[in-house]
1. Taking Trp173, is it part of a helix (DSSP H, G or I) and closer than 14 Å to Ile90 by Cα?
2. Quick check, is Pro88 within 13 Å of the chain's Cα centre (by Cα) and loosely packed, with under 13 Cβ neighbours inside 10 Å?
3. Kindly indicate whether Gly155 is modelled with pLDDT of 95 or more, closer than 28 Å to Arg185 by Cβ and part of a strand (DSSP E or B).
4. Could you tell me whether segment 20-35 includes any residue that is modelled with pLDDT of 85 or more, outside any loop (DSSP other than H, G, I, E, B) and open to solvent by less than 50 Å² (accessible area, probe 1.4 Å)?
5. For segment 150-170, enumerate the residues that are open to solvent by less than 20 Å² (accessible area, probe 1.4 Å) and farther than 13 Å from Met124 by Cβ.
6. Looking at segment 117-131 only, could you name the residues that are touching an Asp or Glu at 6+ places or on another chain (Cβ under 9 Å) and either open to solvent by less than 10 Å² (accessible area, probe 1.4 Å) or assigned to a loop (DSSP other than H, G, I, E, B) (or both)?
7. Can you confirm whether segment 135-149 contains a residue that is in contact with a helix residue (DSSP H, G or I) (Cβ under 7 Å, 6 or more places away or on another chain), part of a loop (DSSP other than H, G, I, E, B) and either closer than 25 Å to Met75 by Cβ or open to solvent by 20 Å² or more (accessible area, probe 1.4 Å) (or both)?
8. Restricting to segment 70-85, and then to whatever is assigned to a strand (DSSP E or B) and among the β-branched types (Val, Ile, Thr), can you tell me which residue is surrounded by the fewest Cβ atoms within 10 Å (Cβ to Cβ)?
Amino acid sequence: MADNSNTAIESNSSSSHHHSRDDDDARDEPPTKRKHRGGEPLEAERQASINLNRAKERRQWLEKHGFDPDDPTRMATKGEATKVGVTPTIWACHLGDLEMCRNLLENGAPTDIHTVASNGSSPMAFASEKGHLPVCKWLFEVGASADITRANNDGTTPMSIACQEGHLSVCQWLFEVGASADITRANNKGRTPM
């Protein structure tokens, strides 16, 4: 009889410590690949949460800066004296807000890196004007490389604007990536960066 009770105890203790092969597999997987009770991967939940947060941030940013929160491509007028129509992407470049630039590109405004303001200035020109070198480099990398020499309605290039505003690092970078001829290029009024 003692043998039976020991067997029962051993059986209970082994079942309480027994785990399935599925448990081993789950432990071997990276935490982002593990599944929770509903069967959905935790990574999918995490990504959905990130996307939701990015959408919320984008909407708040658009509202804060006077843009239509339902249309990240719609222009708004900016500037006290000049009254220039700009897209949210252009405004984010002007402000040097690289995270919002990325957010807009990835979520609703993929072609706005090529859209010009009502004065003909590109997002590259707006970033150059304010000396936002990381934004300039990002624009170049995501497809706006031709805009390094693109002149606005006044014939002013990003190089000319960066020189005028004293942003030496932007000027040097523009020179290195292909805008070297713009050092002597005159705008419509005959002014050169030099």
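1. Numbers: part of a helix (DSSP H, G or I): yes; closer than 14 Å to Ile90 by Cα: no.
Considered against the rule, which asks whether it is part of a helix (DSSP H, G or I) and closer than 14 Å to Ile90 by Cα, Trp173 comes out as no.
2. Values: within 13 Å of the chain's Cα centre (by Cα): yes; loosely packed, with under 13 Cβ neighbours inside 10 Å: no.
It is false that Pro88 is within 13 Å of the chain's Cα centre (by Cα) and loosely packed, with under 13 Cβ neighbours inside 10 Å.
3. Numbers: modelled with pLDDT of 95 or more: yes; closer than 28 Å to Arg185 by Cβ: yes; part of a strand (DSSP E or B): no.
The answer is no for Gly155.
4. No, that holds for no residue.
5. Gly155
6. Narrowing segment 117-131 to residues touching an Asp or Glu at 6+ places or on another chain (Cβ under 9 Å): 119-125, 128-131.
Hits for segment 117-131 are Asn119, Gly120, Ser121, Ser122, Pro123, Met124, Ala125, Ser128, Lys130, Gly131.
7. Within segment 135-149, one or more residues are in contact with a helix residue (DSSP H, G or I) (Cβ under 7 Å, 6 or more places away or on another chain), part of a loop (DSSP other than H, G, I, E, B) and either closer than 25 Å to Met75 by Cβ or open to solvent by 20 Å² or more (accessible area, probe 1.4 Å) (or both).
8. Initially, segment 70-85 is screened for residues assigned to a strand (DSSP E or B), giving 76-78, 84-85.
Of the ones still in play, those that are also among the β-branched types (Val, Ile, Thr) are 77, 84.
Values: Thr77: 11, Val84: 19.
So, considering only residues that are assigned to a strand (DSSP E or B) and among the β-branched types (Val, Ile, Thr), the one surrounded by the fewest Cβ atoms within 10 Å (Cβ to Cβ) is Thr77.
The values are calculated or read from the model by the stated rules, or taken from the named source; none is laboratory data. Everything numeric here is computed off the predicted structure, so don't read it as measured data. Every residue, glycine as well, gets a Cβ built from its backbone with ideal geometry; the counts of neighbours run over all protein chains shown. Surface areas here come from the heavy atoms of the whole protein model, side chains and all, with no ligands, DNA or RNA. Shrake-Rupley method; radii C 1.70, N 1.55, O 1.52, S 1.80 Å.
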